Amino acid sequence: MNPVSARGKASSFALALTLTLGSVWAQEKPASPGLAIVEATISQYEDGSAVPASYRHFPGETVFLSFRIQGYQREEKQDERKFLKLIWRVELRDSSGRLVVQPGSGKIDAELAEQDKEWKPKQRWEALLPPLIPSGDYQVVITLTDEYAKKEVTRTLPLPVKGYDVEPSRELTVRNVRYYRSEPSSQQEPLSPPAYRPGDTVWAQFDIVGFRLSEHNRFEVSYGIEVYRANGQSLYKEEEAARLAEANFYPKHALPGAFSLTLTPDLAKGPYTVAIRVRDLAGNQSFEAKTTFTVE
């Protein structure tokens, strides 16, 4: 019987926090006379109130946007009926200008009644922030076109993000190996130093960076582990503890990995080494990281 058993875990670590969102905005293009995007608000829920501009958003949150339109041209037909024709588009971009989610759009092609002289159409858009996105100064960009007036205006709403940050690498590597007393949670601090007793369960997490992306930002990464005694004797080996493979609109910059080891009650005390062997199947790379814990 093996003195330890192991199982690998792949976790998205999506921090789905439903916190209030808000923003202030800066005008990007000079507004054409009259045509304007007004009352633009980002909030926690549909039509919710805005939060202070200092708030930092988190991966996994849903961004709710609402805005109104004023100053559009009314097109009058021969029968004296009046119409408006507007098109809008919303983009969410990261600090480098890359699109984070698919853009949203809408069209208003409607007849105006006599009582609609002061009507300011209200539009809504929402998007789920992807998991594991890095920190940065993201932006929500609204573009509005009045087809009858042949005019266009834009508004930019800042969206600061507190994300999942890992030091990048040009080559496949493992970073930030952390050990825990119990199954990790976002509030739990890692052990320092990582020390356990016979019969305990060893919980560990780490980050994988430097993997290659193929078409549609697809990646395919696997990892396995091997545990060694202090004298170098192999105690346990699992060739593939987990395999991670996805294609995403927004590229992943890091992948979280995890494993757990159940120590037998009669396990000898002393240091143990864990080899984490990672394979980038799409990029034809491999890397081995070694880390240690102690049984006391």
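The values are calculated or read from the model by the stated rules, or taken from the named source; none is laboratory data. On a predicted model such as this, the values are computed, not experimentally measured, just so you know. For neighbour counting, all protein chains shown are included, and Cβ atoms are generated from backbone atoms with ideal geometry for every residue, glycine included.
If you check GLY48, GLY97 for being within 16 Å of the chain's Cα centre (by Cα) and in the same structural domain as PRO131 (by TED's automatic domain parsing), only one passes: GLY97. Of the residues making up segment 223-252, those that are closer than 23 Å to TYR272 by Cα and not basic (Lys, Arg) number 18. The condition of being among the small types (Gly, Ala, Ser) and under 25 Å from the mean Cα position of the chain (by Cα) holds for only one of ALA242, ALA275, that being ALA242. Within segment 59-94, the set of residues being outside any strand (DSSP E or B) and either in contact with a helix residue (DSSP H, G or I) (Cβ under 9 Å, 6 or more places away or on another chain) or of a type outside the set (S, T, N, Q) (or both) comprises PRO59, GLY60, GLU61, GLY71, TYR72, ARG74, LYS77, ASP79, GLU80, ARG81, ASP94.
Kindly indicate whether ALA204 is of a type in the set (A, V, I, L, M, F, W, C) and more than 23 Å from LEU132 (Cα to Cα). No. Of everything listed in (1) in contact (Cβ under 8 Å) with a residue 40 or more places away in the chain; (2) more than 13 Å from the chain's Cα centre (by Cα); (3) surrounded by fewer than 16 Cβ atoms within 10 Å (Cβ to Cβ), the single unmet condition for VAL140 is (3).
Quickly run through segment 180-200 and pick out the residues that are surrounded by fewer than 11 Cβ atoms within 10 Å (Cβ to Cβ) and touching a strand residue (DSSP E or B) at 6+ places or on another chain (Cβ under 8 Å). Break it down stepwise before answering.
Kept after step one, since they are surrounded by fewer than 11 Cβ atoms within 10 Å (Cβ to Cβ), are these residues of segment 180-200: 182, 185-187, 189, 192-193.
Across segment 180-200, the qualifying residues are SER182, PRO193.
Of all residues in segment 236-292, those satisfying the criterion of being in contact (Cβ under 8 Å) with a residue 60 or more places away in the chain and among the β-branched types (Val, Ile, Thr) are THR262, THR264, VAL274, ILE276, VAL278, THR291, THR292. Taken over segment 153-179, the criterion of being surrounded by fewer than 17 Cβ atoms within 10 Å (Cβ to Cβ) and either of a type in the set (D, E, K, R) or within 12 Å of TYR72 (Cβ to Cβ) (or both) is satisfied by LYS162, ASP165, GLU167, ARG170, GLU171, ARG175. Scan segment 275-293 for residues that are assigned to a loop (DSSP other than H, G, I, E, B) and at negative phi and the total you get is 3.
Which residues, taken from segment 97-124, are out of contact with any Lys or Arg (no Cβ under 9 Å at 6 or more places or on another chain) and farther than 13 Å from PHE83 by Cβ?
The answer is GLY97, ARG98, VAL101, GLN102, GLN115, GLU118, ARG124.
No other residue among GLY106, GLY97, GLY48 is at pLDDT 95 or above, of a type in the set (Gly, Ala, Ser) and in a loop (DSSP other than H, G, I, E, B) apart from GLY97.
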